[in-house]
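Q: Shown below is the structure under consideration.
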Amino acid sequence: MKGKIEFQIMFEKRILCIGAGYVGGPTMAMIAYKCPQYRVTCADINPERIAAWESGELPIYEPGLEEIVGATRGRNLFFSTDIPSCIRDNDIIFVSVNTPTKNFGIGRGEAADLQYWEKTARQILQYAVSSKIIIEKSTFPIKTALAMERILTGQTEDIHFEVLSNPEFLSEGTAINDLANPDRVLIGSRETEAGFRARDVLVDIYANWVPKEKILTTNIWSSELSKLVSNAFLAQRISSINAISAFCEKTDADVAEVARAVGMDNRIGSRFLNAGIGFGGSCFKKDILNLVYLCRHYGLEEVASYWESVVKMNEYQKERFIRNMLNTMFNTLSGKRICLFGFAFKPNTGDTRETPALDIARKLLAERAEVVITDPKALPNARLDLAGAEGNLFYEENPYKAAEGSHAIAVMTEWDLYRNLDYEKIFRGMVKPAFIFDGRNIIDRPKCHEIGFNVFSIGKPPLTHYE
Ligand code: NAD
Ligand code: UGA
């Protein structure tokens, strides 16, 4: 009892996040870091994940994360698997569980699988003994808050649950900076007195470090939809430039020069115009497919197919990459050793969800190539992703050893490491003619060509040593 009283005196607010993944963990760590006056708990059903958060080996790699977890863990940041008591002890509950694409039943392959959040909502209802603010932090389909309200309301007279939408816009690899200096924080609420009150509580939390003008408040449906639309727009830019990269390859234009020229128009802007083997990551594809599913649900077929084409273009880009390798390497990859530089879906993360490298590796194995994968952070996940894959598959952390004896290098991830390798040394150890297929346009093309490589980039004229 004494402990309980001290606990309440010490902290102004008690905040819980259900779901300690890529979003829940860093987001709660940032709140705890910026707001020592709050007690923050991150809970998860996965005991290994929680044990990792409590250990020196965090469950995810994110630059700067170790420092802020190190500064807050045990001070005002706690991890737990005891979800019932966490629900009882906290008044403000973020829900940051996974919302993958449904892989069964109606909406299979498009709709969001909402079983995890519904279980969470029902647990909140079951264990809460006082009123709570429930915050959707996961990316949900529009109108999820309505479903959540329906589950949570009308069951107990004295307890009120107010649902807010507060989607997360962080990017992996830059999550800590994104959380510390967000472009905006979006908070959607019901336009009722209780809704505005709850919204203001959340505004006050962020206002501890985010300038007020960057905290955007909207109605709850606009907030839910804006998250899907943000990801759709970002992915659309990538597919747009990738479409143009195919055109450049037919016409000797250089996609990087085109992107630069186009992006210097302030109305267009220069970011997210890097052509490559396509976007990966856990969210772009799933969120667009979810948008497509919702458009169809509302009878908007033309709108659905417009957005669907963004995903189709992404698939086309990977297919094109493999075809190009096959055609270039004399129409057979069978028995040839191909070294993949990078496996993570982007640099500075070990995350491999929806990584284009996985598709490329599978396609290469289907061509009976020997595949060697190297990556500074993603090899453990690569091994899991390709467990049981048939064929000659090897993993090697050292890029020089990985490339030894290869016929070709294919750059999958834009890690800085791969820009600055000693390509002369690599060339000496490779089978000739040696090829580089730069799926991220990061290597020094003229230099590698001069060394002796046949260089193929995305959306640029090839540099070869034959006619
Ligand atoms: P994740 O899979 O890394 O983490 C989700 C966690 O929720 C897992 O650890 C899982 O064990 C836990 N969980 C599932 N059901 C639970 C339950 N009933 N009770 C307690 N814990 C439960 O996923 P993530 O990448 O953190 O994404 C979470 C959400 O945030 C998704 O909706 C995603 O679309 C969105 N989002 C992700 C990113 C990103 O960069 N990864 C960025 C913005 C938004
Ligand atoms: C993306 C969004 O950028 C975040 O705002 C959003 O919160 C998040 O999705 C989410 O909802 O999960 P993330 O997937 O972590 O973040 O990484 P991005 O930097 O967006 O990169 C996604 C993919 O696009 C990577 O495979 C990257 O290599 C690729 N990309 C990115 C390109 O091919 N070209 C570019 O110009 C930019």
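The values are calculated or read from the model by the stated rules, or taken from the named source; none is laboratory data. Source: prediction; values computed, not measured. Here the Cβ positions follow ideal geometry from the backbone for every residue, glycine too, while neighbour counts run over all protein chains shown.
Q: Go through (1) under 24 Å from the mean Cα position of the chain (by Cα); (2) within 12 Å of ligand 2 (Cβ to nearest atom); (3) within 25 Å of residue 354 (Cα to Cα) one by one and return the number of the condition residue 269 breaks.
A: Only one criterion in (1) under 24 Å from the mean Cα position of the chain (by Cα); (2) within 12 Å of ligand 2 (Cβ to nearest atom); (3) within 25 Å of residue 354 (Cα to Cα) is unmet by residue 269, namely (3).
Q: Suppose we filter segment 78-126 for residues that are part of a loop (DSSP other than H, G, I, E, B), more than 23 Å from the chain's Cα centre (by Cα) and crowded, with 19+ Cβ neighbours inside 10 Å; how many remain?
A: Going residue by residue through segment 78-126, those that are part of a loop (DSSP other than H, G, I, E, B) are 81-82, 90-91, 96-100, 102-111, 113-114.
From what is left, the residues that are more than 23 Å from the chain's Cα centre (by Cα) are 81-82, 90-91, 105-106.
Next cut, crowded, with 19+ Cβ neighbours inside 10 Å only: 90.
Residues in segment 78-126 being part of a loop (DSSP other than H, G, I, E, B), more than 23 Å from the chain's Cα centre (by Cα) and crowded, with 19+ Cβ neighbours inside 10 Å: 1 in total.
Q: Now for a different question. Tell me, please, whether a residue that is more than 16 Å from ligand 2 (Cβ to nearest atom) and modelled with pLDDT of 95 or more can be found in segment 146-157. Write out each step before concluding.
A: Going through segment 146-157, the residues more than 16 Å from ligand 2 (Cβ to nearest atom) turn out to be 146-157.
Cutting the leftovers down to modelled with pLDDT of 95 or more gives us none.
No.
Q: Being surrounded by 14 or more Cβ atoms within 10 Å (Cβ to Cβ) and over 21 Å from residue 169 (Cβ atoms), is that true of even one residue in segment 27-37? Even if it seems obvious, please write down each step before you answer.
A: Kept after step one, since they are surrounded by 14 or more Cβ atoms within 10 Å (Cβ to Cβ), are these residues of segment 27-37: 27-36.
After this cut, where a residue has to be over 21 Å from residue 169 (Cβ atoms) as well, the list is 36.
There is at least one residue in segment 27-37 that is surrounded by 14 or more Cβ atoms within 10 Å (Cβ to Cβ) and over 21 Å from residue 169 (Cβ atoms).
Q: Test each condition in (1) outside any strand (DSSP E or B); (2) more than 16 Å from ligand 1 (Cβ to nearest atom) for residue 31 and report the one that comes out false.
A: (2)
Q: Given the residues 396, 414, 404, which is the only one that is touching a residue at least 24 places away in the same chain (Cβ under 8 Å), acidic (Asp, Glu) and more than 28 Å from residue 63 (Cβ to Cβ)?
A: Numbers: 396 fails: more than 28 Å from residue 63 (Cβ to Cβ); 414 fails: more than 28 Å from residue 63 (Cβ to Cβ).
Going through 396, 414, 404 in turn, the sole match is 404.
Q: Being surrounded by fewer than 16 Cβ atoms within 10 Å (Cβ to Cβ) and within 16 Å of ligand 2 (Cβ to nearest atom) narrows it down to one residue among 47, 63; which is it? Walk me through it before giving the result.
A: Numbers: 47 fails: within 16 Å of ligand 2 (Cβ to nearest atom).
When all the criteria are applied, what remains is 63.
Q: Of all residues being free of Cβ contacts under 8 Å to residues at least 12 places away in the same chain and in a loop (DSSP other than H, G, I, E, B) in segment 272-301, which is farthest from ligand 1 (Cβ to nearest atom)? Just the residue, please.
A: The qualifying residue farthest from ligand 1 (Cβ to nearest atom) is 299.
Yes/no per residue for (1) within 21 Å of residue 451 (Cβ to Cβ); (2) part of a loop (DSSP other than H, G, I, E, B):
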{"site": "358", "(1), (2)": "no, no"}
{"site": "382", "(1), (2)": "no, no"}
{"site": "413", "(1), (2)": "no, yes"}
{"site": "420", "(1), (2)": "yes, yes"}
{"site": "424", "(1), (2)": "yes, no"}
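Q: Ok, one more. Looking only at residues that are over 19 Å from residue 32 (Cα atoms) and of a type in the set (S, T, N, Q) in segment 178-220, which one is farthest from ligand 2 (Cβ to nearest atom)?
A: 192
Q: Among 354, 390, which is the only one that is under 28 Å from residue 65 (Cα atoms) and outside any helix (DSSP H, G or I)?
A: Details: 390 fails: under 28 Å from residue 65 (Cα atoms).
Exactly one residue qualifies, and that residue is 354.
Q: Which pairs do you get when a residue that is farther than 20 Å from residue 399 by Cα, found in segment 325-341, comes within reach of a residue that is hydroxyl-bearing (Ser, Thr, Tyr), reach meaning Cβ atoms under 9 angstrom, with the pair 6+ apart or on two chains?
A: Close Cβ pairs satisfying both conditions: 326/332; 328/464.
Q: If I go through segment 159-177 residue by residue, how many of them are within 7 Å of ligand 2 (Cβ to nearest atom) and either closer than 19 Å to residue 209 by Cα or surrounded by fewer than 24 Cβ atoms within 10 Å (Cβ to Cβ) (or both)?
A: Initially, segment 159-177 is screened for residues within 7 Å of ligand 2 (Cβ to nearest atom), giving 168-173.
Then drop every residue that is not either closer than 19 Å to residue 209 by Cα or surrounded by fewer than 24 Cβ atoms within 10 Å (Cβ to Cβ) (or both), which leaves 168-171, 173.
Number satisfying all stated conditions: 5.
Q: Does residue 178 fit the bill of being out of contact with any helix residue (DSSP H, G or I) (no Cβ under 6 Å at 6 or more places or on another chain), more than 26 Å from residue 61 (Cα to Cα) and modelled with pLDDT of 90 or more? Write out each step before concluding.
A: On the way: out of contact with any helix residue (DSSP H, G or I) (no Cβ under 6 Å at 6 or more places or on another chain): yes; more than 26 Å from residue 61 (Cα to Cα): no; modelled with pLDDT of 90 or more: yes.
For residue 178, the condition - out of contact with any helix residue (DSSP H, G or I) (no Cβ under 6 Å at 6 or more places or on another chain), more than 26 Å from residue 61 (Cα to Cα) and modelled with pLDDT of 90 or more - is not met.
Q: Is there a residue in segment 130-141 that is within 11 Å of ligand 1 (Cβ to nearest atom), more than 22 Å from residue 43 (Cβ to Cβ) and either free of Cβ contacts under 8 Å to residues at least 40 places away in the same chain or outside any helix (DSSP H, G or I) (or both)? Let's see the steps before the verdict.
A: We begin by selecting, within segment 130-141, every residue within 11 Å of ligand 1 (Cβ to nearest atom); these are 136-141.
After this cut, where a residue has to be more than 22 Å from residue 43 (Cβ to Cβ) as well, the list is 141.
With the extra rule that they be either free of Cβ contacts under 8 Å to residues at least 40 places away in the same chain or outside any helix (DSSP H, G or I) (or both), the set shrinks to 141.
Yes, there is a match, as at least one residue in segment 130-141 is within 11 Å of ligand 1 (Cβ to nearest atom), more than 22 Å from residue 43 (Cβ to Cβ) and either free of Cβ contacts under 8 Å to residues at least 40 places away in the same chain or outside any helix (DSSP H, G or I) (or both).
Q: So, one more: Are there any pairs, at least 6 apart or on different chains, whose C-beta atoms fall under 6 Å, with the first in segment 157-184 and assigned to a loop (DSSP other than H, G, I, E, B) and the second away from ligand 1 (no atom under 12 Å from the Cβ) and of a type in the set (Lys, Arg), and if so, which?
A: That search, which allows pairs on different chains as well, returns 184/214.
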